[in-house]
Amino acid sequence: MEFSEFRRHAHRVVDWMTDYLETLDERAVRPSVQPGELLAKLPASCPEVPEPFETIFEDFQSDVLPGITHWQHPRFFAYFPANSSPPSILAEMLTATLAAQCMLWETSPAGHELEVRVLEWLRELIGLPKAFTGSIQDSGSAANLCAMIAARERATGGTVSTGGLCRVPRLTVYASAEAHSSVTKAATIAGIGAKNVRKIPVDRNFALQPEALAQAIRADRGAGCQPACIVACLGATGLGSVDPLPAIGRIARDEKVYLHVDAAWAGSALILPKYRHYLDGIDAVDSFVLNPHKWLFTNFDCATLYLRYPDELANALAITPTYLESAPSESLPEFRNMSIALARRFRALKLWFVLRSYGARGLRKKVQDHIDWTAALARRIRETENFELVTEPRFALLAFRFRPDAPEGALDRINEELLCRINDDGRIYLTKARANGDLVLRFSIGQTYTAWKHVVQGWAVVVETANSLDVADIDASNRC
Ligand code: PLP
């Protein structure tokens, strides 16, 4: 592609992007395609001769787009948001154009230094102490894995990264039953093993019970295990629960166990000073993860990992063959030694664009709106006949359950069917969780383009769909 053509096509693509974002709410959130539909349309082999951009772009619109779930849709209320924003998209375009690798200062000096500075800005915005050094990871999963590796190295005196796990006691990890699956995955990859992750029971707020944690650690020590890591949730994935950090911190200190906080989603709420109390106990915390690619208007991939002792991770991951020898500055972190992959995208640019474009004030307003609308939705749910608000709003997430006149034992099936019908309808997208064993529907508000009217529309879809269900006729087959 000649640069003159590139310019022409790029303008057309940007026009398309703007139209797409402006008219997103006219689309169904989830596509109505069947498995294999796109595959059947795609040629089995790569084209031998070059194809014109026009044809490729047309195929994108006619074949690919109908199979896309629109994560930036203002009525996307599923999972957690993976939001983006115009300034972030513009930065991503520049990042793609530069296509720089940010593994060493030398391979991208400005990328490196911008990463240092935006992470300091974010640290200050959320009220984390200066003792923490940040790095940008591709995902919260990778950040949790890095924390787990740092914890494993601490527990074993830094021997596992060189000598492997053969001569160390059985390592154990502690997290609430509500913790994200990436915690168990991290333990698996770090060689600790999924079976050695102790799922600590939760209380009626779905928060980890500190006494049960202390007991589990004592029992493991008694059995000859080496407790290596405690993971506390600040906004767990299913129901948004928050573990009691001060009490967990005291146990971590007393037991000398590494403490990691997974605030991948709810960490964004800490930009609002009134939520800073969730950092009480931070003095005992060794690492902290927050994903700006969830609820801080920054495109995936952008997960921030803050480490109190970055050398613990760096010592485990530092490998320097000749081609990576360079003279790092003493005062700058070696980001390549704080990540799983060597090559690193220039992720700091989009965060910098977002933080500057919205300013702290603009970001606080958006996050506060989401929280306020969640509270208002909760009031509406309480007033709606045949619905139960199962969890009070946790930041911008709540869970509810349809409770029509039906036997208790049929309610899971009814709610599962309700969820399927809502999502098949396409006007909104919701996902599910379990609360005390019951299937509940989650309503997660956090999209960049969501307004209160979209939340109102969303709840109207839920009620309309529920009213159209013939609850006596729902069979046991699980359609979802
Ligand atoms: N931690 C929590 C609490 C999450 O909700 C998620 C994902 O939803 C993760 C970690 C994993 O983050 P990522 O999807 O960026 O790997």
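The values are calculated or read from the model by the stated rules, or taken from the named source; none is laboratory data. Worth saying up front: this structure is predicted, and the values here are computed from it rather than measured. Ideal geometry is used to build each Cβ from the backbone, glycine not excepted, and the neighbour counts take in all protein chains shown. For the accessible areas, the whole protein counts, side chains as well, though only heavy atoms, and no ligand, DNA or RNA atoms are used. Shrake-Rupley method; radii C 1.70, N 1.55, O 1.52, S 1.80 Å.
Okay, here's what the table says:
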item	result
Check on Thr298, within 28 Å of Pro393 (Cβ to Cβ), β-branched (Val, Ile, Thr), open to solvent by 10 Å² or more (accessible area, probe 1.4 Å) and modelled with pLDDT of 95 or more	no
Positions within the range 413-445 being of a type in the set (Lys, Arg) and crowded, with 22+ Cβ neighbours inside 10 Å, in sequence order	Arg442
The range 251-280 residues that are in contact (Cβ under 8 Å) with a residue 60 or more places away in the chain, paired with ones that are within 13 Å of the ligand (Cβ to nearest atom) and in a loop (DSSP other than H, G, I, E, B) (beta carbon under 6 Å, 6 or more apart)	Ala264/Asn291; Trp265/Phe80; Trp265/Gly235; Ala266/Gly235; Ala266/Phe395; Ser268/Leu296; Ala269/Phe395
One residue from Ala232, Ala236, Ala212 being of a type in the set (A, V, I, L, M) and out of contact with any helix residue (DSSP H, G or I) (no Cβ under 9 Å at 6 or more places or on another chain)	Ala212
Restricting the range 104-127 to residues that are within 17 Å of Arg344 (Cβ to Cβ), assigned to a loop (DSSP other than H, G, I, E, B) and open to solvent by 20 Å² or more (accessible area, probe 1.4 Å), the residue that is farthest from the ligand (Cβ to nearest atom)	Glu106
Boolean, Glu312 is within 20 Å of Ala143 (Cα to Cα) and open to solvent by 30 Å² or more (accessible area, probe 1.4 Å)	yes
Condition met for Val242 (within 30 Å of Leu430 (Cα to Cα) and open to solvent by 20 Å² or more (accessible area, probe 1.4 Å))	yes
Positions within the range 218-255 being more than 16 Å from the ligand (Cβ to nearest atom) and either in contact with a Ser or Thr (Cβ under 8 Å, 6 or more places away or on another chain) or within 19 Å of Leu305 (Cα to Cα) (or both), in sequence order	Asp220, Cys225, Gln226, Pro227, Ala228, Gly249
Helices (runs of 4 or more DSSP H) within the range 137-199 that include 2 or more residues in contact (Cβ under 8 Å) with a residue 12 or more places away in the chain and within 13 Å of the ligand (Cβ to nearest atom)	140-155, 181-189
Matching residues in the range 373-403 - criterion: being part of a loop (DSSP other than H, G, I, E, B), open to solvent by 20 Å² or more (accessible area, probe 1.4 Å) and not acidic (Asp, Glu)	Thr384, Asn386, Arg403
Condition met for Lys130 (more than 16 Å from the ligand (Cβ to nearest atom), more than 17 Å from the chain's Cα centre (by Cα) and not aliphatic (A, V, I, L, M))	yes
Number of positions in the range 93-103 that are open to solvent by less than 30 Å² (accessible area, probe 1.4 Å) and in a helix (DSSP H, G or I)	1
Matching entry among Val33, Val49, Val64 (being under 21 Å from Val13 (Cβ atoms) and out of contact with any strand residue (DSSP E or B) (no Cβ under 6 Å at 6 or more places or on another chain))	Val64
Answer residue from the range 256-312, given it is among the basic types (Lys, Arg) and either at positive phi or over 21 Å from the mean Cα position of the chain (by Cα) (or both) and is nearest to the ligand (Cβ to nearest atom) among those	Arg308
Looking only at the range 67-91, and only at residues there that are more than 16 Å from the ligand (Cβ to nearest atom) and of a type in the set (Val, Ile, Thr), the one that is most open to solvent (accessible area, probe 1.4 Å)	Ile68
Qualifying residue in the range 352-363 (condition: out of contact with any Leu (no Cβ under 9 Å at 6 or more places or on another chain) and not in a helix (DSSP H, G or I))	no
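Yes/no matrix, rows are residues, columns are (1) closer than 27 Å to Ile445 by Cα; (2) open to solvent by 60 Å² or more (accessible area, probe 1.4 Å); (3) free of Cβ contacts under 8 Å to residues at least 60 places away in the same chain; (4) part of a loop (DSSP other than H, G, I, E, B):
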| position | (1), (2), (3), (4) |
| --- | --- |
| Arg8 | no, yes, yes, no |
| Arg12 | no, yes, yes, no |
| Asp19 | yes, yes, yes, no |
| Ser32 | yes, yes, no, yes |
| Leu39 | no, yes, yes, no |
| Leu65 | yes, no, yes, no |
